[in-house]
Amino acid sequence: MNKKNNKKVWIAITIFFLILSSCIGVAIAKISSRPSIDRIDDSNYYDSGEDKFDGSTITVDGITYERNTDIKNVLLLGIDKSADEIESTDIAFEAGGRADVIAILAINKKTETVDVIGISRDTMVNVDVYGKDNIFVRTANMQIALQYSVADNMKRGNWLMKNKVSEILYDLPISGTVSFTMDGISTLIEAIGGITVTMDDNYKIFDKIYTKGKTVKLNGKEAYDFIHYRDINEFGSNNIRMKRHILIMRTLASKLKDIGDSGIEMLQKVAEPYMESDIDADTIHDIAKYQLSDSVITLPGENREGTHDEFYLDDIALRDIIIKTFYVPAQ
């Protein structure tokens, strides 16, 4: 791939990432609209002592599955602070920004398709906590979004999240990570001249009221507020925010169809300061070439009200999704 085309693919991925960040987690307690996962017999799940996950094979009720080596996995992250804020912090814990958007792209070389797996930022996990100079302090049960917050730069944040996401997905191999700081949304939308949105419901964003059916042109800051705002005092408010995300996603996707090559080149320059990635050229090429799934697979579980919203994974249903998506019966 030549340098010019490589730039186009990078910005296409960036734009795709913005759209993806708008649609992941919309109904976090539900599986996506794709066909339901066939459940594996779980009658002895807790007491058989035979289930085994080691990353390359899975044995459940005496049946062994092996990892599908045709699939390469990439982690996408949306970070709620700017790169400058992350890299200038003096205290690592809770200063490095949170991973508000978390997704896996499962890139299947054999079928030439890309599945999207969304992970709730509220998923409760054992976060590895670090202090100054990246010295390990302790492990604490917290939202997975906070694993990124202990990093003192974007590269380390990507590495920490990659390890933690792999861990909760039964040591699923992740070949690369790309993160995008969400402050870049405002800049990118300004660069395309804003977006005109017809409201599909009534929304209150800070002191602004958007009424259903009204068509409004949003500038960069207004679009960012529309995407980012939620009332943290309202239980489940992230679901309301995700509804707004889908509205922006559809509007943005429609506008980007007409942007043209010169617009792509311009947006590439605008997006670059907000990204951190270690994805190789072959993977970029595959993402650009393969067919993207129409829907998002969301990890199963339930929201519970705590100090903050908390999402708890359904271990048995998660196991079934992991096997269905990433494994094949052993030969």
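The values are calculated or read from the model by the stated rules, or taken from the named source; none is laboratory data. Bear in mind the structure is a predicted one, so any value in this text is a computation, not a measurement. Cβ: placed from backbone, ideal geometry, glycine included. Neighbour counts: every protein chain shown. Protein only, heavy atoms only, side chains kept; ligands, DNA and RNA dropped before computing areas. Shrake-Rupley method; radii C 1.70, N 1.55, O 1.52, S 1.80 Å.
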Q. For region 130-145, in order, what is each residue's ³J(HN,Hα) by Karplus, 6.51 cos²θ - 1.76 cosθ + 1.60 with θ = phi - 60°, in whole Hz (x at glycine and Pro)?
A. 10, x, 4, 6, 6, 8, 4, 10, 5, 10, 9, 7, 8, 5, 4, 4
Q. Any idea how far apart Thr187 and Asp133 come out in nm if each label point goes 7 Å out from Cα toward Cβ?
A. 3.3 nm
Q | Simple spin-label estimate for Lys155 and His285 in nanometres, 7 Å along Cα-Cβ | A | 2.6 nm
Q: Starting from the amide H of Val296, placed 1.01 Å from N in the peptide plane, find each other amide H under 5 Å away whose residue is 5 or more places distant or on another chain.
A: Ser33
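Expressed in nm to one decimal, what extension gain is obtained for the pair Glu66 and Glu302 from 0.36 nm per residue of sequence separation less their Cα-Cα distance? Mind showing how you got there, number by number?
On the way: separation 236, 0.36 × 236 = 84.96 nm, distance 2.87 nm.
Stretched fully, the Glu66-Glu302 segment lengthens by 82.1 nm.
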**Q.** Cβ-derived FRET efficiency at R0 25 Å, Lys109 paired with Gln331, nearest 0.05
**A.** 0.85
Q: Please give the solvent-accessible surface of His228 in Å², to the nearest 10, using a probe radius of 1.4 Å with every protein chain present.
A: 70 Å²
Q: Would you check the accessible area of Glu276, probe 1.4 Å, heavy atoms only, in square angstrom rounded to 10?
A: 60 Å²
Q) Under a point spin-label approximation (7 Å from Cα along Cα-to-Cβ), what is the Thr198-Leu292 distance to one decimal in nm? A) 2.3 nm
**Q.** Heavy-atom surface of region 133-172, accessible at 1.4 Å and reported per residue (Å²)
**A.** 42 Å²
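What's the tally of Lys pairs in region 159-217 whose alpha-carbon atoms lie under 16 angstrom apart, where the two lysines are 8 or more places apart or on different chains?
On the way: Lys204/Lys212; Lys204/Lys214; Lys204/Lys217; Lys208/Lys217.
The result is 4.
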Q. Carbon and sulfur: what percent of region 97-179's accessible surface (1.4 Å probe)?
A. 47 percent
Q. Ranked highest first by the average count of other Cβ atoms within 10 Å around their residues, in what order do 170-181, 151-162 fall?
A. 151-162, 170-181
Q: Output the peptides 187-197, 101-111 sorted from most to least packed, where packing is the average of other Cβ atoms within 10 Å over each peptide's residues.
A: 101-111, 187-197
